Structures are given as C-alpha cells and as structure tokens.
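Colleague: Here you go, one structure.
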Amino acid sequence: MSDNLNDINNNDLKDQRSLLDYLNKDMTDRDQHDFENTISDDVFLTDAIEGLDKIRDKKNIAADVMHLNAELKKQVSKNKRRKDKRKLADQPWIYYTVILILILVVLAYIVIRKIN
C-alpha cells in the first residue's frame, strides 16, 4: 500500500504542469492537440479534467491539489497507525508461554501414562 500511496502522491510535476497549462489554455494549439490525444485513452484523467474545468478560480487549483494531497497523506497515515495498533506486537514472552504450556501438557501426559 505504501508503494501505491507513493505512486499517487509523486505524480510527475511535468504532467501536473501540463494539466494546469491545458486548463488555463496556456498551451499552443499543437501542444493542446498532443495533450488531448494523450488523455483521450485515460477515462479517469478525462473525468478529472471535466471536473477541474468547472472550477471558476483556476489560479488556486495547484494550492487545492497540494491541500488535498496533504489531507490524503494524513488520513492514510492515520489509518496505517490505527492498523498497526491492532496488530499483535511481536513479544517474546508469548512464545515462551506457549512453549511452557506445551511442555507442561507433555509432562502431564507422561505422568498420567506412568500412573496407569
């Protein structure tokens, strides 16, 4: 999961810049055409562009993306900490207790067999 999170958070800066340039219409016609050909295969990216295109204040998109990434990272790390708390800690006394109980069971079995 950590690798997936890194893939999400470490988007290529050039791709983000291209996306923002496309939304702000700061691309040449040729670059815009190439970018549209690139994104035509990706349904997720096409939907994202449609949603971002509806935002009126396009100047704050980069700040919003950074804020969303920070919130996502915080939420994922919080869930990871919660998941780690639920794990049984690797404590050697648990192993010693299990071995001791097994030894006592074997000794009890041997004693009972000798009595009979």
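The values are calculated or read from the model by the stated rules, or taken from the named source; none is laboratory data. Just so it is clear, the structure is predicted and the values come from calculations on it, not from any experiment. Note: ideal-geometry Cβ built from the backbone for every residue, glycine included; neighbour counts use all protein chains shown. Just the protein is used for accessible areas: all its heavy atoms, side chains included, with ligands, DNA and RNA removed. Shrake-Rupley method; radii C 1.70, N 1.55, O 1.52, S 1.80 Å.
Colleague: Residues of region 11-41 being of a type in the set (D, E, K, R), part of a loop (DSSP other than H, G, I, E, B) and within 24 Å of Lys73 (Cα to Cα), which ones?
Modeller: Hit for region 11-41 is Asp12, nothing else.
Colleague: Now, a different point. Report, by residue number, each residue of region 81-116 that is among the acidic types (Asp, Glu) and outside any helix (DSSP H, G or I).
Modeller: Correct list: Asp90 only.
Colleague: Please work out if Val76 is free of Cβ contacts under 8 Å to residues at least 60 places away in the same chain, open to solvent by less than 80 Å² (accessible area, probe 1.4 Å) and closer than 30 Å to Ser18 by Cα.
Modeller: When the stated conditions are applied, Val76 does not pass them.
Colleague: Being of a type in the set (Lys, Arg), modelled with pLDDT of 85 or more and closer than 17 Å to Asp15 by Cα is the requirement here; does Arg30 meet it?
Modeller: For Arg30, the condition - of a type in the set (Lys, Arg), modelled with pLDDT of 85 or more and closer than 17 Å to Asp15 by Cα - is met.
Colleague: Filter region 42-73 for residues that are among the charged types (D, E, K, R), open to solvent by 100 Å² or more (accessible area, probe 1.4 Å) and either more than 22 Å from Asp26 (Cα to Cα) or assigned to a helix (DSSP H, G or I) (or both) and give the result.
Modeller: Glu50, Lys59, Lys73
Colleague: Next question, about the same structure. Consider Ile115 carefully, then state whether it is open to solvent by less than 100 Å² (accessible area, probe 1.4 Å), more than 23 Å from the chain's Cα centre (by Cα) and either of a type in the set (Phe, Trp, Tyr) or at pLDDT 80 or above (or both).
Modeller: Considered against the rule, which asks whether it is open to solvent by less than 100 Å² (accessible area, probe 1.4 Å), more than 23 Å from the chain's Cα centre (by Cα) and either of a type in the set (Phe, Trp, Tyr) or at pLDDT 80 or above (or both), Ile115 comes out as no.
Colleague: Then there is this: Is at least one residue of region 12-21 open to solvent by 80 Å² or more (accessible area, probe 1.4 Å), out of contact with any helix residue (DSSP H, G or I) (no Cβ under 7 Å at 6 or more places or on another chain) and modelled with pLDDT of 85 or more?
Modeller: no
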